[in-house]
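One structure is given here, and the rest of the page talks about it.
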Amino acid sequence: MDLLLAPLLLLLSLHGFCAANGILPAGPVDAIVGNNVTIKTLVVNPVFTFIIWNYNGGSDPINIATRTKAGGLKVNALYTGRVNVDPVNGSLQLAALKPADSGDYSISIVSDDGTTETAEIKVRVLEPLSNIAIKSNVPTAIERNTTVELTCSAKGSYLKFTWTNGTVPISADGKRLMQKDTDSSSVLTITDVFRSDLVGPIYCTAVHPLETAKSAPFNLTVYYGPEAVTITATKPDKYIRAKSDFNLTCSAGSNPPAVLAWYRNNDLMKASGPVLTLKVIEELGFGKQMDNYTCRAQNTETKSAVASSVVSFAVMEAISGAKITSSTATLIAGNSTANLSCQATAGTVATTTWLKDGAQLANSTRVVISTDKRSVLIRPVQKEDNGKYTCELTNPVNTDTAAFDLVVNYGPEQPTIEGNNKVEEKDLVTLTCKAASIPPPTFTWKFNDTLTDTTTHEYTISNAEYKDTGLYTCEAHNAVTGMTSSNSHLLTVKAEGELDELSGLSEGAIAGIVVGVIAALAVAIGLFFYCRQKVPTNGAKVSTGSTLLENRVDSPY
């Protein structure tokens, strides 16, 4: 049998085959080193005399095995124990694959009449995928200043590589981002790296036809900044209240975090950190004038320093202890001068405003507000000057107020007496005396120029009698001004029912009575002027009808 196979194999190898596309699949067939592989055919129960498998690794063909119609199997010594040819479909089974098994495999099916069908397929024996890792050419990078080369290497055969930033694929643009691959590695080159390029983690994935492997996450620190250096004030204003909770906060985008320093008028301050408090500014003796403050951020890795915009302000003490003082303790209308002065115990006063009873006070012929608004002169004071005086002291950080109740003593003015002029016997009589005065006056009452015991503003007769008819005089006295003023009231007491009878008289009777009264009044007036020429008096009394008026003001001045 061997004598017959040798010439046949030689003939097939020298003269070629009759190719048959329907015997083997398209291929290639991939398998891992050390594993088994079956090269399947596309025929079932072929009619054959011989099925011959050959191997071509690039040099001379080598016969692997031959299956005969009789059921015999001839295996090349190089493949002993590793090869079998399926008698049903002619598939080749190859065990314990070696890298040298990669190559072209051909099958020849020889029929009884000598017709031969031949096909060929490529087998690739792949090394297992392993040891995938990423390495960088630099330990750290500076944004826009460093070119980073990331190298992904792996063991395996026919490898292809992809890169991802997190889950986002990295696509090389051939300019700033470039990728160069070999069978065992991939180099990703990033020129003038951005922080976003490696925000990561970065992954490298290697693939061959049978396996996929992903690298461990890779991170590379990209230093950047400082940038966007800004100052934020708690209460931005040109004037800051002294000893308040005001502070400045500096922030900057930077990796690593920037070192922050504070400057006043471009001079370095003995302060650092992100917050500059007003307490520190005051302890350093600053803030008494309008100063410019800036924050400078420096990155120790990029060696870059950036300053913030300027914040300008001055520290001002708040006004406190506002108080109004008066030069005169006791003021008398028409005779005294008031001088009100407003001062504060602390703080700088920018403006002063005076108010009286809530309305702004203005200059007049008697009221003079000083040029600096610190004082008000009223000369002479009058009763209408009584009221609440307020001064408002203001500066850019606060307003403090003080109030003063100005008391102008005056009066008493001429009293008014309220009560009936005519009553009947047994009636209750109440006379009420009122007089405008500060302080309130004391009252005395006279009956027909005789002093009574009544010292209140009301004079009461509980059970009127005819003898109570007469002239009642109320005198009001102001102990501060020393002035006394009086007025009189004529009271007539009639018999019971007489007032009702008078009210029932005819018009003629009433007219007669009126004429009589007028005549009597004329006589009384004539008598009054006659007596006045004869007898001097301090007061003046005028009798008008049933009411006698006395107008008298006694003054010590």
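The values are calculated or read from the model by the stated rules, or taken from the named source; none is laboratory data. Here the structure is a predicted model, which is why all the values come from computation and not from measurement. No Cβ is skipped: glycine too gets one built from the backbone with ideal geometry, and neighbour counts run over all protein chains shown.
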By residue number, the members of the stretch 318-357 that are more than 36 Å from the chain's Cα centre (by Cα), over 19 Å from Tyr410 (Cα atoms) and outside any strand (DSSP E or B) are Asp357
Being part of a strand (DSSP E or B) and within 30 Å of Pro256 (Cα to Cα) is true for just one of Val207, Val222. Which residue is that? Val222
Residue selected from the stretch 282-296 under the condition part of a loop (DSSP other than H, G, I, E, B) and over 15 Å from Lys270 (Cβ atoms), by the criterion nearest to the chain's Cα centre (by Cα): Met290
Farther than 23 Å from Ala100 by Cβ and polar (S, T, N, Q): is that true of Thr49 in this structure? yes
What are the pairs with Cβ atoms under 6 angstrom where one residue, in the stretch 273-290, is in contact (Cβ under 8 Å) with a residue 12 or more places away in the chain and the other, located anywhere, is assigned to a loop (DSSP other than H, G, I, E, B)? Sequence gap at least six, or different chains. Leu278/Phe246; Ile281/Gly287
Can you spot a residue in the stretch 484-498 that is part of a loop (DSSP other than H, G, I, E, B), over 60 Å from the mean Cα position of the chain (by Cα) and crowded, with 18+ Cβ neighbours inside 10 Å? no
Over the stretch 302-316, the set of residues crowded, with 16+ Cβ neighbours inside 10 Å and either in a loop (DSSP other than H, G, I, E, B) or of a type in the set (Ser, Thr, Tyr) (or both) is Thr302, Ser304, Ser308
Hey, can you tell me all the residues within the stretch 266-280 that are surrounded by 15 or more Cβ atoms within 10 Å (Cβ to Cβ), at pLDDT 95 or above and farther than 12 Å from Asn247 by Cα? Met269
Report yes if Ala172 is small (Gly, Ala, Ser) and farther than 24 Å from Ser130 by Cβ, otherwise no. yes
Selection from the stretch 148-187 of residues in a loop (DSSP other than H, G, I, E, B) and over 17 Å from Gly200 (Cα atoms) yields Gly156, Ser157, Tyr158, Leu159, Asp173, Gly174, Lys175, Arg176, Thr182, Asp183, Ser184
Among all residue pairs at least 6 apart or on different chains, which show Cβ distances below 6 Å where the first residue, located in the stretch 75-87, is assigned by TED's automatic domain parsing to the domain that holds Phe50 and of a type in the set (Phe, Trp, Tyr) and the second is buried (at least 17 other Cβ atoms within 10 Å of the Cβ) and not in a loop (DSSP other than H, G, I, E, B)? Tyr79/Ile64
Filter result for the condition that a residue is in contact with a Cys (Cβ under 9 Å, 6 or more places away or on another chain) and either free of Cβ contacts under 8 Å to residues at least 12 places away in the same chain or buried (at least 17 other Cβ atoms within 10 Å of the Cβ) (or both), over Ala403, Ala362, Ala435, Ala344: Ala435
Top-ranked residue of the stretch 438-469 - restricted to ones that are aromatic (Phe, Trp, Tyr) and assigned to a strand (DSSP E or B), ranked as surrounded by the fewest Cβ atoms within 10 Å (Cβ to Cβ): Phe447
Among the numbered conditions (1) touching an Asp or Glu at 6+ places or on another chain (Cβ under 9 Å); (2) in a loop (DSSP other than H, G, I, E, B); (3) at pLDDT 95 or above, tell me where Pro380 comes up short. (1)
Within the stretch 413-430, restricting to residues that are touching a residue at least 40 places away in the same chain (Cβ under 8 Å) and outside any loop (DSSP other than H, G, I, E, B), the one that is nearest to the chain's Cα centre (by Cα) is Thr416
Output for Cβ contacts, cut-off 7 Å, separation at least six or different chains, first residue of a type in the set (S, T, N, Q) in the stretch 465-480, second at pLDDT 95 or above and outside any strand (DSSP E or B), reads Asn478/Gly411; Asn478/Pro412; Asn478/Ser437; Asn478/Pro439; Asn478/Pro441
The residue that is surrounded by the most Cβ atoms within 10 Å (Cβ to Cβ), considering only those in the stretch 326-336 that are touching a residue at least 40 places away in the same chain (Cβ under 8 Å) and more than 11 Å from Val376 (Cβ to Cβ), is Leu331
Among the residues of the stretch 125-146, is any in contact (Cβ under 8 Å) with a residue 24 or more places away in the chain and closer than 20 Å to Lys40 by Cα? yes
Restricting attention to the stretch 379-412, the residues that are more than 37 Å from the chain's Cα centre (by Cα) and at negative phi number exactly 19
Just one listed residue, out of Ala435, Ala476, Ala464, is over 30 Å from Thr330 (Cβ atoms), modelled with pLDDT of 95 or more and more than 60 Å from the chain's Cα centre (by Cα), and it is Ala464
